[in-house]
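Undergrad: Once you've had a glance at the structure underneath, I'll fire off some questions.
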Amino acid sequence: MKTSVVMATYNGEKFLNKQLDSIASQSVLPDELVIVDDGSKDSTRQLLSDFAEKFGHDISIILVFREKNLGYIKNFIDGIARTKNELIFLCDQDDIWHVDKIKDTVQLFKENSDMIVLHTNTDIIDHNGNTLRKNVQDYHKRIEKIKLSKYVKKVNYPGMAMAFRKSVVYPELEWLLDKVVSLPTHDWIIGFIGAKSNGFYVSEEVYTYRRFTGQNVALSLEKRDSILDRVSGIEVYEGLFQFVFDYQKATQKNFLPIEKYQKTAKNRKKYLTAKSVMLWSKSFPLIRYYPKYGSYFRDILEIIKERRINDQKN
């Protein structure tokens, strides 16, 4: 099974070399590395050119330097389109790979013939490689298939820990772009394609160390839990649910009762914003569509806490 790595870069000079080194040091090298730079203004392009000159004899390296910024979603999808091999790995510019990431991932695909997308666990590290947080994805099995109904209850499937079969995933991505369906993010959509086809797997094995730079997209070490934070999180879910709704409408295939998930999100926003215990209690019949059962009860705890704070102020 030949492999391609797709890396997207943008002004990554501070951390890029360590990520490139971790790819070049793999126990099994990728057959191809496609790097799409989205208009960097720092020394990123020179670093990439130097890397290609040094390792181009071991890995087929394709560099794409854009003059016009596409944005990270289209940048990644264009990189995927340029690959030649079946098993695709996505790669961010500021992470570090475990030395056996490619070797072990290929083996997992061989062991599970129906695997379309694999998402593995991650640890968060600091600038010096010290671990800040373990088991970020909260996976607890070496390998586990996730059903679509469970998949859509989670928003965080970072692409840098993802590998997939191009022959299945890319035609869907291309079709979605042609349909001009709004894509909330590329990685969640890739996992969705795998899950709806009964081929999305996760693993507790950590093969990617996600470096906390303070500038990462959608990465924060602070655990926030206020009503405002919860509503903001629900709105992220709403964007993903809207995509699924539009997808089912475009394909005329209703494989998920997405309206139930949308109704649940709408109800949660309503009772959280109003700090209403009564509205919260009426939402219990929809508990199966919450991210976790615990989310329902954490909502009421937050409502009670904020109501007490308001009472004290008054």
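Undergrad: Can you go through ASP42, ASP50, ASP58 and tell me which one is charged (D, E, K, R), over 27 Å from THR122 (Cα atoms), outside any loop (DSSP other than H, G, I, E, B) and more than 20 Å from the chain's Cα centre (by Cα)? Spell out the reasoning first.
TA: Details: ASP42 fails: outside any loop (DSSP other than H, G, I, E, B); ASP58 fails: outside any loop (DSSP other than H, G, I, E, B).
Going through ASP42, ASP50, ASP58 in turn, the sole match is ASP50.
Undergrad: Separate question: It is to be established whether one or more residues within the range 123-135 are within 12 Å of the chain's Cα centre (by Cα) and either at pLDDT 95 or above or of a type in the set (Ser, Thr, Tyr) (or both). Steps first, please.
TA: Going through the range 123-135, the residues within 12 Å of the chain's Cα centre (by Cα) turn out to be none.
Checking the range 123-135: not a single residue is within 12 Å of the chain's Cα centre (by Cα) and either at pLDDT 95 or above or of a type in the set (Ser, Thr, Tyr) (or both).
Undergrad: Enumerate the pairs (first residue in the range 4-18 and charged (D, E, K, R); second residue anywhere and open to solvent by less than 10 Å² (accessible area, probe 1.4 Å)) with beta-carbon separation below 7 Å, excluding pairs fewer than 6 apart on the same chain, so at least 6 apart or on different chains.
TA: GLU13/THR44
Undergrad: Just give me the residues in the range 225-243 being closer than 15 Å to GLU259 by Cα, open to solvent by 30 Å² or more (accessible area, probe 1.4 Å) and not charged (D, E, K, R), in sequence order.
TA: TYR237, GLY239, GLN242
Undergrad: If a residue must be surrounded by 13 or more Cβ atoms within 10 Å (Cβ to Cβ) and among the basic types (Lys, Arg), how many such residues does the range 289-314 contain?
TA: Result for the range 289-314: 3.
Undergrad: Of the numbered conditions (1) open to solvent by 10 Å² or more (accessible area, probe 1.4 Å); (2) assigned to a helix (DSSP H, G or I); (3) at pLDDT 95 or above, LYS153 fails exactly one; give the number of that condition.
TA: (2)
Undergrad: Here's a follow-up. Consider only pairs whose beta carbons are under 8 Å apart and that are at least six residues apart or on different chains; among these, list those whose first residue lies in the range 72-90 and is free of Cβ contacts under 8 Å to residues at least 24 places away in the same chain and among the small types (Gly, Ala, Ser) and whose second residue is open to solvent by less than 10 Å² (accessible area, probe 1.4 Å) and in a helix (DSSP H, G or I).
TA: Sorted first by the residue in the range 72-90, then by its partner, the list stays empty.
Undergrad: Answer with yes or no whether GLU144 is touching a residue at least 24 places away in the same chain (Cβ under 8 Å), closer than 21 Å to TRP97 by Cβ and out of contact with any Phe, Trp or Tyr (no Cβ under 6 Å at 6 or more places or on another chain). Spell out how you get there, then give the answer.
TA: Working: touching a residue at least 24 places away in the same chain (Cβ under 8 Å): yes; closer than 21 Å to TRP97 by Cβ: no; out of contact with any Phe, Trp or Tyr (no Cβ under 6 Å at 6 or more places or on another chain): yes.
No.
Undergrad: Just one of (1) at pLDDT below 90; (2) of a type in the set (A, V, I, L, M); (3) within 20 Å of the chain's Cα centre (by Cα); (4) open to solvent by 40 Å² or more (accessible area, probe 1.4 Å) trips up LEU219, so point out which.
TA: With respect to (1) at pLDDT below 90; (2) of a type in the set (A, V, I, L, M); (3) within 20 Å of the chain's Cα centre (by Cα); (4) open to solvent by 40 Å² or more (accessible area, probe 1.4 Å), LEU219 is out only on (4).
Undergrad: Could you grab me the full set of residues in the range 109-142 that are of a type in the set (A, V, I, L, M) and either part of a strand (DSSP E or B) or open to solvent by 10 Å² or more (accessible area, probe 1.4 Å) (or both)? Can you show your working first?
TA: Looking only at the range 109-142, we keep the residues that are of a type in the set (A, V, I, L, M), and these are 115-118, 124-125, 132, 136.
Within the range 109-142, ILE116, VAL117, LEU118, ILE124, ILE125, LEU132, VAL136 meet the criteria.
Undergrad: Does the range 98-108 contain at least one residue that is of a type in the set (Asp, Glu) and touching a residue at least 40 places away in the same chain (Cβ under 8 Å)?
TA: Applying the first criterion (of a type in the set (Asp, Glu)) to the range 98-108 yields 100, 104.
Still in the running and touching a residue at least 40 places away in the same chain (Cβ under 8 Å): 100, 104.
For the range 98-108, residues of a type in the set (Asp, Glu) and touching a residue at least 40 places away in the same chain (Cβ under 8 Å): present.
Undergrad: Identify, please: which residue in the range 61-84 is in a helix (DSSP H, G or I) and open to solvent by 50 Å² or more (accessible area, probe 1.4 Å) and is, among those, modelled with the lowest pLDDT?
TA: TYR72
Undergrad: A follow-up question, please. Being closer than 30 Å to ASN130 by Cα and out of contact with any Gly (no Cβ under 7 Å at 6 or more places or on another chain) is the requirement here; does PHE192 meet it? Explain how you work it out, then say what you get.
TA: Working: closer than 30 Å to ASN130 by Cα: no; out of contact with any Gly (no Cβ under 7 Å at 6 or more places or on another chain): yes.
When the stated conditions are applied, PHE192 does not pass them.
Undergrad: Further question: Suppose we filter the range 169-196 for residues that are more than 17 Å from the chain's Cα centre (by Cα) and open to solvent by 50 Å² or more (accessible area, probe 1.4 Å); how many remain?
TA: Going through the range 169-196 one residue at a time, the tally reaches 7.
The values are calculated or read from the model by the stated rules, or taken from the named source; none is laboratory data. What you see is a predicted model, and the numbers here were worked out from it, not measured in a lab. With ideal geometry, Cβ positions are generated from the backbone for all residues, glycine too; neighbour counts draw on all protein chains shown. Side chains included, ligands, DNA and RNA excluded: accessible areas come from the protein's heavy atoms. Shrake-Rupley method; radii C 1.70, N 1.55, O 1.52, S 1.80 Å.
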